[in-house]
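No value in this document is a laboratory result; all are computed from the given coordinates. A quick note: this is a predicted structure, and the numbers were derived from the prediction, not measured. FYI the Cβ positions are ideal-geometry reconstructions off the backbone, even for glycines, and counts take in every protein chain you see.
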Amino acid sequence: MTATRVPVRLRVNGENYEVMTFPYKTLLEVLREDLGLTGTKHGCELGECSTCGVLVDGKPFLSCLALPLDLQERAITTIEGMAEAGRPHPLQVAFAELGAAQCGYCTPAMLLTARALLDRDPSPTREAIRQALSGVLCRCTGYVKIFEAVELAALRMRDGAG
Amino acid sequence: MAPADGEDFAIIGRSLTKPDAMAKVSGQTRFADDLALPRMLYGRLLRSPNPHARILSLDVSRARALPGVFAVLTGEDLPEKFGILPVSQDEEALAREKVRYVGDPIAAVAAADEWVAEEALALIEVRFEDLPRYMSIEEAIQGQGEPIHGRSNVHKAVALEFGDTEAALSQAAYQREDMVFFEGNTHLPMEQHAAVGHYGQDGKLTLWSSTQTPHYVHRALGKVLGLPMSRIRVIATPNGGGFGGKSDIFSHELVAARLAMVTGRPVKITLTREEVFYAHRGRHPVLMKVRTGVDRDGRIASMQFTTFLDGGAYGSYGVASTYYTGALQPATYAIPAYRFEGVRLFTNKPPCGPKRGHGTPQPRFALEVHMDRLAEDLGIDPVTLRLRNLPRANSRTVNWLRITSCGLKECIERVAEESRFLARWKSMPPGRGLGFAVSSYLSGAGTAIYWNDMPHSEVQLKLDRNGGVALFCGAIDIGQGSDHVLAAIVAEVLGIALEDVQLTTADTDLTPIDLGSYSSRVTFMAGNAARVAAERVMARLFAAAARVMGCEPEELRARDRRIFRRERQEEGIPFAQAVQAAEAEDGVVSATGSYTPPRLAGPYKGSGVGPSPAYSYSAAVVEVDCDPRTGEVRVPEVWIAHDIGRAINPVLVEGQVEGSVYMALGEALMEEQTFRLGLHKFPSMLEYKSPTTLETPVMHTYLIETIDPEGPFGAKEAGQGPLLPVIPAVANAVHNALGVRIDEIPITPDRVLRALAEKARGHAPRVGPAAIPAFSFPPPIRADVPDEWKAR
């Protein structure tokens, strides 16, 4: 494929990036290859597994199906942006404590998707958690520890202990 | 030294956060495809579109001429054959004379980026001559025309007999025979395989790879590249899921290394998701027949078990897989006479190999639905029938497997009680059913895949002056928590904190060997090696501390980063001070520990597969909710008990059990790896159905601790065994719910509807094989049986 590089401006984790890259590269590829943000993973690159999930304006978004040129004004959050000032998000702590990350490969997308849920529903039922995470495949955990970790994080955040 | 069993542990048995957890939840863990080196090129493989064909010509000249292409390899560049087992050296990194499955690699390209590499692949011209295709067990057996390898499509046929099964059957009060089929399925790790090769000007090759078996990859690279192993370094990156799918030697690993040597630049190859489906090495499709004779009370008198494995195009682990389809039946039930016949056929499909449970989920399915029927025939409930056939702790099975601890009885009683199985199973509401099944599994294979006398796992420790411990071990964490097991054992013995242990793992230059994360061996074997290394370090520190404190080393204990007198705990010194004292006396504080499993193989050919230093046991009850109109089967609730020996970290063990239940439900109800004219029917994550959060049942997990005498702190395996009883428990539950037998896995809606239609027509209410192919097994090797079975 031949093309010339074009300038792309992206706002990722609150930082402004300007890169020269090929217009056909997906957001997933630009994040990983041009910005060095390899915390975002890939499982299929066809929009089937949600492993590449990031947040765009706070909503879960499949980075393998998006072109960065379409997202220049949007707020993109990746796993690298989940901790604030070096302090891990309560979801990250709960996932670590409860064994909700086994191999850790789906974990970035799982965490970001869970965060989008808790941002709009601080007290989700188990059923709401199931629904919210249903698009993100995990082959290790059987999902049970993930449900428990989301519930624990939600509890701690409500208690202000997060 | 280390706290004796029964003492209060600081770390063992506690659900602490594992050492690699925070890196994983913050995206800092570096998987193979996350690596990028200066001047790195990208490699791609050209794969066969043909299931079986001779390569008449291969022209790569146009690909080589494409700007941005740095190298093109063909089979002539890597002619040395390889294979994971010494007896099956039948693979080529790039096929030379013929291709044997759709996806068989033929040529490889290294280019400036993946798009150029892809473009180059399209410029390679291959002319094929089609050969006859063998797409099933039956076709492989009957096959006329050119076989896939050598002179026959029979890869391996084995027959073993322990005791006189025919005589015992003829005297049995009751006997029955069943035939079932288990379709193949694949691991589907979330991370696609990736490898990065680097060849320095110093003539040293480094390969980073998402592999479960860096030591075996190291050996294969040496053989195929013709380099001494001392010039090759293999670093296994954390695996983004393995489940057995990254435990073979893969073409892309050898090719990435060779391309790096040819170009003088780093080369990365990451498989696409579609390629992962074709790389496979997953669950064998297996056709099975089982005949069992029992006494009036349902006690097994004799069993004959026959398996046909659809192996795919290459050997892989297949010889071991074949034996595994027969090995563990006598470890789960007390069987006084046992015959096993198994054959693996080559077919023109991606090679099968080990997936979680390696060769044992299929016979476990067969045996457990068979036992359910025996129970029904005899009017005995399924729980009681199992309890009447328990294996004994501290015994030898009729096929010479040595059982140490055995918690099967406790597992059975626990799930039966918690699920109220016996009170409920005969009076379930319409569409609802309960199913029961049990299993056993290895805690590590007792023999290495290549014959040698050396340890299977080794750990090296080096202490720093502040009391930190650097731990080196060849084991690779694939998500199962092996890093935690290593750190927890060392920290427990030394009386320090988990975070005081720094791990360096799975690097053939830096770490002593561990054979790999397969056969559920790491906790048991690397754990034992870690314990030995830590106890050696502790002895030195106690000696140094005793001199400082003016007491005897035997009086000392270590805990909370202190070394102190057991009887007068206020008298002690900081752990770091003991390290400094030891270092001042005799230099670097360092020690190694090794683990070699006891020699357990029985006195017969083929006895190398099955022996393990310990067996785990599991029992499961599954509840199903079936819709007779759609054939859909839902699983609302699962009860599972697992004999773990000792849970080094309960939350991680529960995670292994829950993950096993999940994977089993996927296999039982939806996952299948099937082909049309050699093409995978659904090589994508959308079409290859696997369970999501919405299909997740309520899981009740019970850990049964039997404190194995040889396991590290009494621990046994957790990663594979709990998968085994779940699949047949689903099948038994469907029968309980609908009165039909689905003797084929997966239990898909169409199969359920077919069985219900058969039932409605008054036919046998089942779907499943009616016959097995005619095949002449070799006469069985008649092995002597252990003394304890001779009296029977």
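Quick notes
- Rg to Rh quotient for the range B:230-378, alpha carbon positions, Kirkwood Rh: 1.14
- Across the range B:435-444, rounded Karplus estimates of 3J(HN,Hα) from the backbone phi angles (6.51 cos²θ - 1.76 cosθ + 1.60, θ = phi - 60°) give x, 10, 6, 9, 6, 9, 8, 6, 9, x Hz, Gly and Pro being marked x.
- Kirkwood hydrodynamic radius of chain B, from inverse mean 1/r over distinct Cα pairs, in Å: 27.4
- Kirkwood hydrodynamic radius of the range B:696-792, from inverse mean 1/r over distinct Cα pairs, in Å: 18.2
- A:A3-B:L37 pseudo-label distance in nm [points 7 Å out on the Cα-to-Cβ vector]: 2.9
- Going by neighbour counts of Cβ atoms within 10 Å, the residues B:E499, B:E717, A:E97 line up, fewest first, as B:E499, A:E97, B:E717.
- Mean-position separation - Cα centroids, the range B:448-471 and the range B:544-599, in angstrom: 19
- A cut-off of 5 Å between modelled amide H atoms, ignoring neighbours fewer than 5 places along the same chain, links B:R559 with B:F564.
- Qualifying trypsin sites (Lys or Arg not before Pro) in the range B:161-240, where qualification requires a DSSP coil assignment and no more than 14 other C-beta atoms within 10 Å, comprise B:K204.
- Alpha carbon centroid spacing (whole Å) that separates the range A:36-84 from the range A:99-162: 17
- Dimensionless Rg/Rh of the range B:552-653 - Kirkwood Rh, Rg from C-alpha atoms: 1.26
- Debye log10 I(q)/I(0) at q = 0.22, 0.23 Å⁻¹ for the range B:475-563, Cα point scatterers: -1.03, -1.09
- For the range A:27-119, size of Cβ-based charge dipole, Lys and Arg +1, Asp and Glu -1, in debye: 260
- Loop-located trypsin sites (Lys or Arg not before Pro) in the range B:619-685 (DSSP state other than H, G, I, E, B) with a sparse environment of at most 16 neighbouring Cβ atoms within 10 Å: B:R629, B:K681.
- Under 5 Å from the amide H of B:H358 lies no amide H of any residue 5 or more positions distant or on a separate chain, with H modelled from the backbone and absent for Pro and chain starts.
- From the C-alpha gyration tensor of the protein assembly as shown, square roots of 5λ in Å: 40, 37, 30
- For the Cα trace of the range A:6-81, dividing Rg by the Kirkwood Rh returns an Rg/Rh value of 0.91.
- Looking at the range B:594-699, none of the chymotrypsin sites (Phe, Trp or Tyr not before Pro) sits in a DSSP loop with at most 13 other Cβ atoms within 10 Å of its own Cβ.
- Separation of alpha-carbon centers, the range B:669-720 and the range B:395-426, rounded to whole Å: 20
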